[in-house]
Every structure is written in C-alpha cells, then in structure tokens.
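Engineer: One structure coming up, written as structure tokens, with questions to follow.
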Amino acid sequence: MLFAGCGFQPKSEQAGSFFSSPLCHECSACSEEEPVPDHTFIVEDPASLETLAQIPDMGPDDARHAVERAHLALVPWARRAPRERADILMRTYELMLEQSETLAELITRENGKSLTDAAAEVRYAAEFFRWYAEEAVRPEGSYGTAPGGTSRTIVTHRPVGVAALVTPWNFPAAMVTRKVAPALAAGCSAVLKPAAETPLTALAIADLLSDAGAPDDLLTVVTTSDPGPVVDAWLGDERVRKLSFTGSTRVGRLLLRSAADRVVNCSMELGGNAPVIVAADADLDRAVAGTMVAKFRNGGQACTAANRILVHEDIVERFTEKLSEQVCRLEVGAAHSGADIGPMISKRERDRLNKLIASAVADGARVTCQAQLPDLLGHFVAPTVLVDVDPGAALLQEELFGPVAPIVVWRNEEEVVELANATEHGLAAYVFAGDLAYSIRLAEQLEAGMVGINRGVVSDPSAPFGGVKQSGLGREGARDGIRAFQETQYLSVDWPQ
Ligand code: NAD
C-alpha cells in the first residue's frame, strides 16, 4: 500500500508492523492497535535530520523465520507457469509507474537525492520488473547428440533456490528491483535485507509486489540496524542457496569469506573508482555535460560515479573552466525543495569526504570552484572541482562517493591507460573523444566492466551491469541477471535403439 497524504505505511506482514512517522500521522493505516516490537531503529531524513520512521530492528531469529517462509513458498512458485510469474512482475512494473511520484518522494526523504534523480531511479527500477517479466517467458536450453553418438544431451536452467538479497542505500529502489525481479522471474523465492539508512523504499516495493498478486512469503523484507548477524544467519542456513550482494568491496570480501563455508553461490556488485577520459578531440560541451552527469548524478553517490577526470593537456584549461562554471551553479539543499544536490547519507560520510579534500589541498591541489552550502542541519558537502591533484593522493585511490571532481592531466595514450587502470576497482569508465575508432581502442584497454563512450550513464536494464577486478563477480540486468538465479542441469539420455 502507498498512501496519499502520508507518504508511506508498510503492510503489517512486512517487517513486523510498527511504523511511526511524521510523514504518516494522518494515515488511518498507522494503527494504534498494532503491537510495538521490542526493538526498533530510526530512519532519518539526511537533509533535515528529522525522524521519518521507527521500524523493527530484526535479528537472526527473524532472519531464519524469513527463510522458513521463503522455503515454503519456493516450490509452488517455481512450478507456476512462467507466464503467470511474468504477469505478476509486469503488474508490479505498472504499479510502480502508477505510484512513481510517491515512491520518488519516499526515496528523496530517506536517501536525500534530488527529486529529479529519485524520479529517474523509480523509472529505472520499474524497468527491471518489465524486463524480467519479458525474460521469464524466454527459457534457454538445448538438446543435441553427444559427439560419440551414443546419447542425447538436454541442458536446462532451474531456479537456484531461496535467494538472500542484500542492498545498499544509494539506490534504494533500483538495487532492490535489479535483484528481486530476476530472482522471481527465475522461479526463486527471496529474503531481502535493505540498508538500514533506506529500508522504507524496499518495504514499499515489497508491498507493490504483493498488490500485484505475488504469493505471501515469496519475498520477505528483514529490516535491521545490525546486518552482520542477519546475513550470517542466512549464509549458515542450508536452505539459502544464493547470495546476491550490492555494496562496498570491504563488506563484499567479508561476505565472500562467510559464504565459502557452505560454498554459497555469490553475485557481488561492489565499489567503483571510475575514470573519465577526455581526449584532445572531444566535443567540449558534450564532454562537460557528460562529466556533470557521470560525476554529480545522485550527488556523486553512485558506484558508477566518475572518480577521476583525466583530461588531455591540450584542452584541460577550457574543460576545467566550463566544468567549474557549471559546478558553481549547482544548488545544494534539501532535495524535496528542488535542489540539484542533496546531502551525504551520514555525518561519517560527510566527514570522510571533507577530510579527503583537505588532505589533497594540503598536498598542493587547487580548488577551482565550490558550490554554496545551504544553511541546513543535514550532512552536506559542497560540490567541488580540484586541479593539480597529486597522482598519489588518497582522493584518487579511494571511492569518493560524493560531489567532488578531481582533474588530472594526461599527455599520451599509454599514460592515460595506465592512469585509468591504476586502481583495484574496475566497474565503470567513460571516454569522450571525437574519433569513435580511437574511443573504442581506448575502451578495449580499460579494465572496466562497463564503458560509456561520449555519454555519462551506463546503467540500462537490458545491458549486463557489473565490474572486473575488485568491483565484483557476475552481472545484473540483461539475460545475465536471470542466469545469476539459475543453476544449469544437463540430462544425459540414452535409450535402446
Ligand atoms: P555497505 O557495504 O556498507 O552496505 C551494503 C549492504 O551490506 C547494506 O545492506 C548493509 O547493511 C550491509 N552490510 C554492511 N555490513 C555488513 C556486514 N558486516 N555483514 C552483512 N551485511 C552488511 O555499502 P553502502 O555504504 O550501503 O553502499 C555503498 C557502496 O555500495 C559503495 O561502495 C558503492 O560503490 C557500492 N555499490 C555498488 C553497486 C554496484 O552495482 N556495483 C551499486 C550500488 C552501490
């Protein structure tokens, strides 16, 4: 259910039932008769620091109970006709679009991103339901004669089983649907643990899925402020056959270690450190516009966000000037009041980023522009452009995850490829160049799972999203996304001739 006049109120069967929020004080669904769970945690608006909601703080017992439910739901769901599964996913897509304004408002409230970014996220997130509704009815497989001629080989793909899904706060809708839609399309049931900062959007999406006709228990959302014990309970449970994780490389490594004990099938979408390469012959306006999107979409809090802007020496001055002009004009503030750039998700994140900027400046970097900060309590960082950054600066090694654009100069192809690949990450990269053949030659030398050429966005539900090196394992979206929730089985068949 999504509720006019009050933002959001989750259904009682999801995440326990207690939900108190200034957003929903007018809502009759906020029942005073609901029992208050013993443990709750607060979800706050990162722009105003107001409390948005108080929701159940679940633990390992709740996590196991959720698996119990998912396990019971698994076989009936896997046996449903693919067309029936597809219809429910398609209906969820339609409901997400019908509720897009409310969902965008909710994302903005709990995440802080601009309403424009939130609305774009809802459309992108909904597309995963549409794409996987279409994929659900296109089974792959093969039938053939073995080379020796003595048997037939039949290859099929079956649902992997109960899937545990763990998602981050930076795309509270899209990271959920990018997992839930293919999992359900493949015939799996799932348990979902959204980030503690942004659980409300996940709960809202689970409700829409239920409204679309998904059986009870097919997807259970487990909200918690202490993720370790919940995810450990899942990884230790025989019935959980899949972990699909999106988050930092640090936590991804921890979970891969835990998953090793039961050899759980893992998909990992981890951190990035994307280079933007601007060649001497690039269309300057296009390169600046693309860099603005790659860097400042989502306030820079995207795994695909530009982290290092590598600009050819011939155009670096003009590029810096134009980029700085645009960055200075960015309006920073509470996203629901129309600002371009919202707050960082937490005080810790804001302090981390400010420290990186200060340390780069102490080592000789120059600030060419910094946007105005609002007079608000939230965790804001001023969008900043830096030049003369020391190549060894921590700012270039770490995932910035915020609105800071460090510019580095390059002179030749060999140098720029080396600079671009000098990171443990390999998620996205961007190339802006006039000569397409040159762009592709550069792209083929980049250690990145995705390369945007003359554009600042790479995400598309129909394309395989994911990284190389320590940016992850596997792909989401496209056909690959559904295969991540399937096991291949082959039947070797013989019969009397
Ligand atoms: P995070 O790793 O801190 O948290 C991600 C999820 O893991 C959350 O649900 C969190 O509660 C949970 N978690 C945290 N510690 C855990 C533990 N010890 N055991 C089990 N679960 C735990 O990441 P974040 O700060 O929420 O998100 C930002 C990171 O996510 C960035 O590094 C970003 O690049 C990455 N990200 C990657 C992609 C991608 O597709 N590759 C997409 C979005 C975000």
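The values are calculated or read from the model by the stated rules, or taken from the named source; none is laboratory data. Being a predicted model, the structure only gives us computed values, none of them experimental. Methodologically, a virtual Cβ is constructed for each residue, glycine included, from the backbone with ideal geometry; neighbour enumeration extends over all protein chains shown. With ligands, DNA and RNA removed, areas are computed over all heavy atoms of the protein, side chains included. Shrake-Rupley method; radii C 1.70, N 1.55, O 1.52, S 1.80 Å.
Engineer: Just to confirm, what accessible area per residue do you get for the chain at 1.4 Å probe, in whole Å²?
Structural biologist: With all protein chains present, the chain gives 41 Å² per residue.
Engineer: Expressed as a whole number of Å, what is the distance separating the alpha-carbon centroids of the range 60-87 and the range 125-153?
Structural biologist: Using only Cα atoms, the two centres lie 22 Å from each other.
Engineer: Chymotrypsin sites (Phe, Trp or Tyr not before Pro), restricted to the range 311-418: which are DSSP loop and have at most 13 other Cβ atoms within 10 Å?
Structural biologist: none
Engineer: Which one of F432, A335, V67 is farthest out on the positive end of the charge dipole of the chain, using unit charges on Cβ (Lys, Arg +1; Asp, Glu -1) and the Cα centre as origin?
Structural biologist: Of the listed residues, the answer is V67.
Engineer: Roughly how many percent of the accessible protein surface of the range 151-273 is carbon and sulfur, given a 1.4 Å probe and a whole-percent answer?
Structural biologist: Exposed carbon and sulfur together represent 50 percent of the surface.
Engineer: With a/c under 1.5 counting as rounded, go ahead and sort the chain into rounded, prolate or oblate using the C-alpha gyration tensor (a ≥ b ≥ c being the square roots of the eigenvalues; past the cut-off, prolate if a/b is larger than b/c, else oblate).
Structural biologist: oblate
Engineer: Which value in deg cm²/dmol, rounded to the nearest 500, describes the helix-derived mean residue ellipticity at 222 nm for the chain, given -39,500 (n - 2.57) per DSSP H run of n ≥ 4 and division by the residue count?
Structural biologist: Taking each H run of at least 4 residues, the total per residue is -12000 deg cm²/dmol.
Engineer: At a Förster distance of 25 Å, what's the computed FRET efficiency of E50 paired with E98, Cβ-Cβ distance as r, to 0.05?
Structural biologist: About 0.35, to the nearest 0.05.
Engineer: Moving on. For the range 274-460, which whole-number percentage of the solvent-accessible area (1.4 Å probe, protein heavy atoms only) is attributable to carbon and sulfur atoms?
Structural biologist: The value for the range 274-460 is 47 percent carbon and sulfur by accessible area.
Engineer: Using the eigenvalues of the Cα gyration tensor, what equivalent ellipsoid semi-axes result for the range 274-460 when each is taken as the square root of five times the eigenvalue, whole Å, largest first?
Structural biologist: 26, 17, 16
Engineer: Continuing with the same structure: I want to check the label-to-label distance for V137 and S225. Put each point 7 Å from Cα in the C-beta direction and report it in nm to one decimal.
Structural biologist: Spacing of the two 7 Å Cα→Cβ label points: 4.6 nm.
Engineer: Another one. Of the peptides 217-230, 79-92, 58-71, how do they stack up when ordered by the mean number of other Cβ atoms within 10 Å, highest first?
Structural biologist: 217-230, 58-71, 79-92
Engineer: Less than 29 Å apart at the alpha-carbon level, and either on another chain or at least 8 residues along: which lysines does that give for K242?
Structural biologist: Partners found: K11, K179, K193, K469.
Engineer: Taking the Cα centre of the chain as origin and charging only Cβ (+1 Lys, Arg; -1 Asp, Glu), how large is the dipole, in debye to the nearest 20?
Structural biologist: The dipole magnitude comes to about 1260 debye.
Engineer: Between E413 and T488, take the C-beta separation as r, use R0 = 41 Å, and let me know the FRET efficiency to the nearest 0.05.
Structural biologist: Result of the calculation: an efficiency of 0.50.
Engineer: Would you grab the residues whose amide H sits under 5 Å from the one on T368? Only those 5+ places off in sequence or on another chain, please, with H modelled 1.01 Å from N.
Structural biologist: Amide H neighbours of T368, under 5 Å, 5+ apart: V385, L386, V387.
Engineer: Using a Cα-Cα cut-off of under 24 Å, which lysines could be cross-linked to K355, ignoring same-chain neighbours fewer than 8 residues away?
Structural biologist: Once the sequence-local lysines are set aside, what remains near K355 is K113, K295, K347.
Engineer: Averaged over every viewing direction, what's the projected area of the C-alpha convex hull for the range 242-311? Give it in nm², one decimal, please.
Structural biologist: The directionally averaged projection comes out at 5.7 nm².
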